[in-house]
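What follows is one structure encoded as structure tokens, with my remarks underneath.
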Amino acid sequence: MSGAYATFGLAPATRAGAVLADGGYRIHRDFVDFVVDGRPLLFQLSDLDAVSPLASDVPPAIFTAQVRSLLLETDAPLPDGRYVVYGCPECADLACGAVTAVIERDGDDYIWRDFAWQTDERADLEFNGYQGIGPFRFHGPEYRAALAALLDGTEPSAAPRRRVLLIGARVAVLAKLAAALRTIGIGADITRDATGVSAEELRGYGAVAFGRAVGEPERAAVRAAFERAGADVAHVDGLAPIIPLLVAQIEQALDRSPRAQRRLHALAAVDGEAAVEVTSSCRVSLTAYRLDRLYRTHVREVFDGVLEPGRHRVPLDARAVRGESFVVARAAGGVLVAAVTHGKPG
């Protein structure tokens, strides 16, 4: 086995939830990802929609048990010394499929090897092994320090604030948006005036979203209330009263992962094309939303395919983006939103 060392680290990551055009939804999950040689390990495992076992919404006792398991303080949960590295974000059931690996000690070093896609009690490396991934040898002190920090309650293990404050004039739209957010695992409250809300409560929000009818004086008063409370929140200016679009905007705002480690890096759109930038090979879908003159919503899937690292220009059907329109780009774990404008995308 190679004696070369890889660096080991941890970083906050998000699997963005979604309200889909067909009425379905995907759950929002926050988790701690493994960073190997400065790059999220998840990005090396093809276009995988998965989360690590170190998720923020698992009970503290289970989270601690997962960390101690990775430190090899307990027996491996699967035969042959295998551990789940990434699992299904919806149910965490092995039957849905999981990425597993052998984790073992070699002196003071920790080694991750024999990565495989596993759906049963035992892995079949011949048919489901990940060729070219690992083995990774980590310095023991670096490895233990990173995982021990999770048990100490320091970053990146702190649970994110997954509540959103909704402010707007159209109560019916806000109620539908709040219901959609709660469905995918994000708490939402509705108000028109945040000045009377306690500082402790304001610090519990991760974002505040404004409807289009909210004027600048009202927005300024809300921002001032959060500043007085010492709450650092993301501000979302709602693009249009389209629920899936607003959910995507809020998901984008709640993404805690370091920008340099995001798979979906940039999005811009004009009448004729969208400019999409990705940092690793992944499947990307583009959905166009538009409002017609009667304020009816029209939705069209305009692209779904694998993009290699770099910047890409994707043609957009002019009928899908005429008038007031918007594009939502999704890749495994992330989402970006852009209003369609005239001129070349930046």
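May I ask you to list the residues in segment 163-177 that are crowded, with 21+ Cβ neighbours inside 10 Å and either assigned by the TED database to the domain that holds CYS91 or closer than 25 Å to GLY24 by Cβ (or both)?
Hits for segment 163-177 are VAL164, LEU166, LEU174, LEU177.
For segment 13-37, which residues satisfy the criterion of being at pLDDT below 90 and surrounded by fewer than 20 Cβ atoms within 10 Å (Cβ to Cβ)?
LEU20, ALA21, ASP22, GLY23, GLY24, TYR25, ARG26, ILE27
Among the residues of segment 216-226, is any surrounded by 15 or more Cβ atoms within 10 Å (Cβ to Cβ), within 22 Å of the chain's Cα centre (by Cα) and not acidic (Asp, Glu)?
No.
For segment 166-219, give me the residue count where each residue is in contact (Cβ under 8 Å) with a residue 60 or more places away in the chain and more than 25 Å from GLU90 (Cβ to Cβ).
The qualifying residues number 3.
So ASP120 ticks every box in (1) over 26 Å from the mean Cα position of the chain (by Cα); (2) at pLDDT below 90; (3) not in a loop (DSSP other than H, G, I, E, B) but one. Which box is left unticked?
It is condition (3) that ASP120 fails.
Between a first residue in segment 66-80 that is in the same structural domain as THR100 (by the TED database) and open to solvent by 70 Å² or more (accessible area, probe 1.4 Å) and a second residue that is part of a helix (DSSP H, G or I) and at pLDDT below 90, which pairs have beta carbons less than 9 Å apart while being 6 or more apart in sequence or on different chains?
So the pair list comes out as ARG68/LEU151.
Go through segment 178-215 and report how many residues are in a helix (DSSP H, G or I) and open to solvent by 10 Å² or more (accessible area, probe 1.4 Å).
Result for segment 178-215: 7.
Would you point out which residue out of ARG311, ARG293, ARG283, ARG256 is assigned to a strand (DSSP E or B) and farther than 24 Å from ASP22 by Cβ?
Just a single option satisfies the conditions, and that option is ARG311.
Name every residue in segment 47-63 that is open to solvent by less than 50 Å² (accessible area, probe 1.4 Å) and touching a residue at least 12 places away in the same chain (Cβ under 8 Å), in order of residue number.
LEU48, ALA50, VAL51, SER52, PRO53, LEU54, ALA55, SER56, PHE63
Among ALA248, ALA318, ALA288, ALA266, which is the only one that is crowded, with 18+ Cβ neighbours inside 10 Å, aliphatic (A, V, I, L, M) and either out of contact with any Ser or Thr (no Cβ under 7 Å at 6 or more places or on another chain) or over 28 Å from ARG170 (Cα atoms) (or both)?
That would be ALA248, the only listed residue that is crowded, with 18+ Cβ neighbours inside 10 Å, aliphatic (A, V, I, L, M) and either out of contact with any Ser or Thr (no Cβ under 7 Å at 6 or more places or on another chain) or over 28 Å from ARG170 (Cα atoms) (or both).
The rows are residues; the columns are (1) modelled with pLDDT under 90; (2) among the basic types (Lys, Arg).
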residue	(1), (2)
PRO241	no, no
ARG259	yes, yes
HIS265	no, no
THR279	yes, no
THR297	no, no
GLY310	no, no
GLY323	yes, no
PHE326	no, no
GLY346	yes, no
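In this structure, does ALA231 turn out to be free of Cβ contacts under 8 Å to residues at least 40 places away in the same chain and in a helix (DSSP H, G or I)?
Taking the combined requirement at face value, the residue does not satisfy it.
Could we say that ALA275 is open to solvent by less than 20 Å² (accessible area, probe 1.4 Å), in a strand (DSSP E or B) and either without any contact (Cβ under 8 Å) to a residue 12 or more places away in the chain or in contact with a helix residue (DSSP H, G or I) (Cβ under 8 Å, 6 or more places away or on another chain) (or both) here?
Answer is no for this residue.
Would you pick out the residues in segment 259-271 that are in contact with a helix residue (DSSP H, G or I) (Cβ under 9 Å, 6 or more places away or on another chain) and not in a helix (DSSP H, G or I)?
Across segment 259-271, the qualifying residues are ARG263, HIS265.
Return the residue satisfying two criteria in turn: it lies in segment 116-143 and is in contact (Cβ under 8 Å) with a residue 40 or more places away in the chain and more than 14 Å from VAL36 (Cα to Cα), and of such residues it is most open to solvent (accessible area, probe 1.4 Å).
ARG122
The values are calculated or read from the model by the stated rules, or taken from the named source; none is laboratory data. Here the structure is a predicted model, which is why all the values come from computation and not from measurement. All Cβ positions, even for glycine, are placed from backbone atoms using ideal geometry, and neighbour counts span all protein chains on display. Surface areas here come from the heavy atoms of the whole protein model, side chains and all, with no ligands, DNA or RNA. Shrake-Rupley method; radii C 1.70, N 1.55, O 1.52, S 1.80 Å.
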